[in-house]
1. I'd like the full set of residues that are assigned to a strand (DSSP E or B) and either closer than 23 Å to F:Tyr74 by Cβ or more than 10 Å from every other protein chain (Cβ to nearest Cβ) (or both), limited to the range I:19-54.
2. State yes or no: is D:Gly38 more than 18 Å from E:Val81 (Cα to Cα) and surrounded by 20 or more Cβ atoms within 10 Å (Cβ to Cβ)?
3. Looking at J:Pro12, J:Pro88, J:Pro75, which is the one that is within 13 Å of chain A (Cβ to nearest Cβ), in a loop (DSSP other than H, G, I, E, B) and not polar (S, T, N, Q)?
4. What about A:Leu23, is it within 27 Å of J:Ala62 (Cα to Cα) and out of contact with any helix residue (DSSP H, G or I) (no Cβ under 6 Å at 6 or more places or on another chain)?
5. If J:Ala83 passes every condition in (1) small (Gly, Ala, Ser); (2) more than 8 Å from every other protein chain (Cβ to nearest Cβ); (3) in a strand (DSSP E or B) but one, which one does it miss?
6. Among what's in the range H:41-55 and is out of contact with any Phe, Trp or Tyr (no Cβ under 6 Å at 6 or more places or on another chain) and among the aliphatic types (A, V, I, L, M), pick the residue that is surrounded by the most Cβ atoms within 10 Å (Cβ to Cβ).
7. Among the numbered criteria (1) over 28 Å from A:Ala31 (Cα atoms); (2) in contact with a helix residue (DSSP H, G or I) (Cβ under 7 Å, 6 or more places away or on another chain); (3) not basic (Lys, Arg), which one does B:Gly89 miss?
8. State all residues of the range E:73-87 that are without any contact (Cβ under 8 Å) to a residue 12 or more places away in the chain and within 19 Å of F:Trp40 (Cα to Cα); if no residue qualifies, say none.
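Derivation of every value follows stated rules applied to the coordinates shown; laboratory data play no part. All figures in this text were calculated on a predicted structure; none of them were measured in a lab. When we count neighbours, we look across all protein chains shown, and the Cβ atoms used for this are built from the backbone with ideal geometry, even at glycine.
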Protein chains: 10
Amino acid sequence: MLFHVFMDVRIPHDADPEKLKQLQAEEHERAKELQLQGKWLHLWRVAGKYANISIFDAESSAGFHAILSSLPLYPYMEIEVTALCRHPGSLESRA
Amino acid sequence: MLFHVFMDVRIPHDADPEKLKQLQAEEHERAKELQLQGKWLHLWRVAGKYANISIFDAESSAGFHAILSSLPLYPYMEIEVTALCRHPGSLESRA
Amino acid sequence: MLFHVFMDVRIPHDADPEKLKQLQAEEHERAKELQLQGKWLHLWRVAGKYANISIFDAESSAGFHAILSSLPLYPYMEIEVTALCRHPGSLESRA
Amino acid sequence: MLFHVFMDVRIPHDADPEKLKQLQAEEHERAKELQLQGKWLHLWRVAGKYANISIFDAESSAGFHAILSSLPLYPYMEIEVTALCRHPGSLESRA
Amino acid sequence: MLFHVFMDVRIPHDADPEKLKQLQAEEHERAKELQLQGKWLHLWRVAGKYANISIFDAESSAGFHAILSSLPLYPYMEIEVTALCRHPGSLESRA
Amino acid sequence: MLFHVFMDVRIPHDADPEKLKQLQAEEHERAKELQLQGKWLHLWRVAGKYANISIFDAESSAGFHAILSSLPLYPYMEIEVTALCRHPGSLESRA
Amino acid sequence: MLFHVFMDVRIPHDADPEKLKQLQAEEHERAKELQLQGKWLHLWRVAGKYANISIFDAESSAGFHAILSSLPLYPYMEIEVTALCRHPGSLESRA
Amino acid sequence: MLFHVFMDVRIPHDADPEKLKQLQAEEHERAKELQLQGKWLHLWRVAGKYANISIFDAESSAGFHAILSSLPLYPYMEIEVTALCRHPGSLESRA
Amino acid sequence: MLFHVFMDVRIPHDADPEKLKQLQAEEHERAKELQLQGKWLHLWRVAGKYANISIFDAESSAGFHAILSSLPLYPYMEIEVTALCRHPGSLESRA
Amino acid sequence: MLFHVFMDVRIPHDADPEKLKQLQAEEHERAKELQLQGKWLHLWRVAGKYANISIFDAESSAGFHAILSSLPLYPYMEIEVTALCRHPGSLESRA
């Protein structure tokens, strides 16, 4: 089942630059891992913003929540979730 | 270049059912055509709404506009556009 | 899997009263049916409004969409969907 | 009488992790207690967010306020309340 | 129990003036009746708008809904409801 | 003349608890005083929130502003003001 | 006492042009009258919109409502009201 | 002096196609005229919408209003205006 | 040319009271100066808020910006600007 | 390809004035550079605000993002992006 997520990253201005750099590296690793596992299907940057739009594939909303909340930058994100389903006009098999 | 589009279809309550059915059939055909041409990359239904989230691939915003405004149901859609670009953490080649 | 839905019914002022009454009767029947099937878990009226808040149980977002769009009053509803999952602090077994 | 509540937990980034952990444990206990007393009827997590949707049963809005403001994380929550009543189409006896 | 209601009356521009005048007269009568019964505690006009702010007293949200939906102009109102409770600093006995 | 006020109290998380407690006690006293003077007609708590809805009676908007800005917690409030006037359908004499 | 009003005129597209023209002429006359009486202190057009920003002087909100609702185009206006009072830094005597 | 305008064209669904076509042709002519006169500096289409973003040059807001309200499609536009001024970092001479 | 400005003053809670008092005194002086120069035509307090609504007269938007950004409290203000022009129904000569 | 950007600069009140002054100088330099390269086509100040409206020319949204995120004040900006395309009624050759 697919979930559409808009993630707006809001780093506080007084964040420790070293800690932030480390979190971003960990986020990068975790994103790679989840993509290789087929759980993070698409990851696009929103042009001009520190934000991304992503599509996740999970068996349930519980599984989806576990994935999202495992992201190192999760506590700094404003998140909007939209549940998707297959569109009758889509030629893609999965959804 | 990728464009993220949220399309909310708003059919007026007094629309002619026959004309509507025809427009929907034409929309279906056009969507198929654009997907086969590789211009409409993804098409997902928003669960619980007469709405979809789509990803288009176009050479420019002018090309993108031409695609979108060619949709038979275009006059009945509330549309939000977000320009996307490749995310450094994405493993997908295209974007 | 659970879906939380806010349904705001917006009947056009020039709707045919007879047709409306029939749609409402059909909506009532369909709601009963879906509750008996265990798909529409909760149905509450929002006090002071022609609106309800409901919890649906479906295997997937596709199944959920099929349920919701089968409602006779669906074309007249403004709908907001929120995907739910089990809360670690909940004592309820299902979710 | 039933109250529908959306609780969005907003922990300040500079909160003391130890104090936060303790508050969360106390919140967990209090939630359990209120559920066992039949006052907190449903508690669902909003998928992808540090937020929940809950249904409370109270004799009055004063009783409801007393319950909600007794939650240890109450000072950190953005809260939206909707008063519910029995829906004529619902098969549930209580509401 | 008290309910705070903001009622914004939205008469369609093509409404029949005669029917509207009759509805307004009936609304006036119903408002008088509910005030005499002690159910409609306060009724104030919002200065400069075709809108009012009211306080209702009802035993439950179901009773409140029955009152509100009995108003002849109910189908033409945009309504916002806020459940109230006694404020510890208030000197009024009721609430 | 009547003013309708929604006051949402927003205490900063790092406020000094002692100073806050004192301000709240002073607020309580001031509210009592203004009610006894017939200037603060109604004071209701919004169920589930650190907020209240109030009705003030003042000779002018200048007098109203003087009252409101004299509240000890005034600097911490988000405030919305609505000027009210007598509703032709109201049975209350004052307004 | 002064009231600040934003008036956004929303003429339905199917309005009768003759009736509209007459209403606009009557509105013009009424505006002139109210200005000469010193009740409509300022009347400015919002650049680029069919809207105005105005300042009214009335003894009370009831008097203000009577003025505003006497405008021939009143039924077609979206209206926002803000109660004003004298600013301690203003050099104008009235307010 | 420069004015930034966002124009969202909202054609009613029941508009007469012939009349609309004529208005669009007239709009086209008027836009050309105003550009040649140096009053309509820039005119861009918003990708994916029946909307444009434009920059007008006018001696005053009155002159700007006269220009905008002379557009044949003006009655069908939702308009947002932003007054611009020269940015100290801009290399353009005019503004 | 006239500009309508809504200024909402947002003093951070941890501001130095001495520095704030000085800024407010300077703001008072600057407001007096600009009024005497005929640039700040009207200054009204919004009843019940730390906010004002003002009308400025400036030769251009650049001149207006220079005036507004010269205010000592400018960095603490949320500001909304509306360009005004003479209304054909206004009896005032200037605008 | 053209991108329309609204940049609202939000400097935290506790920012170091020296560091801020340096960032602003660097921003000025970078803006000059990008204008000379033909990438930052237009830069206008929003009258009355610490904000600007700009038009960027980039080969793709990726190139646009690289430009925008290279701005020294980028971390302090609230940004809204709108993809533009040539308007059929525009007399400008580029877009």
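1. If the condition is that a residue be assigned to a strand (DSSP E or B) and either closer than 23 Å to F:Tyr74 by Cβ or more than 10 Å from every other protein chain (Cβ to nearest Cβ) (or both), then I:Leu43, I:Trp44, I:Arg45, I:Val46, I:Ala51, I:Asn52, I:Ile53, I:Ser54 are the ones that fit.
2. The answer is no for D:Gly38.
3. Only one candidate passes the filter, namely J:Pro12.
4. Details: within 27 Å of J:Ala62 (Cα to Cα): yes; out of contact with any helix residue (DSSP H, G or I) (no Cβ under 6 Å at 6 or more places or on another chain): yes.
The answer is yes for A:Leu23.
5. Here J:Ala83 clears every test but (2).
6. H:Leu43
7. (1)
8. Just the residues of the range E:73-87 that are without any contact (Cβ under 8 Å) to a residue 12 or more places away in the chain, to begin with: E:74-75, E:86-87.
Matches in the range E:73-87: E:Arg86, E:His87.
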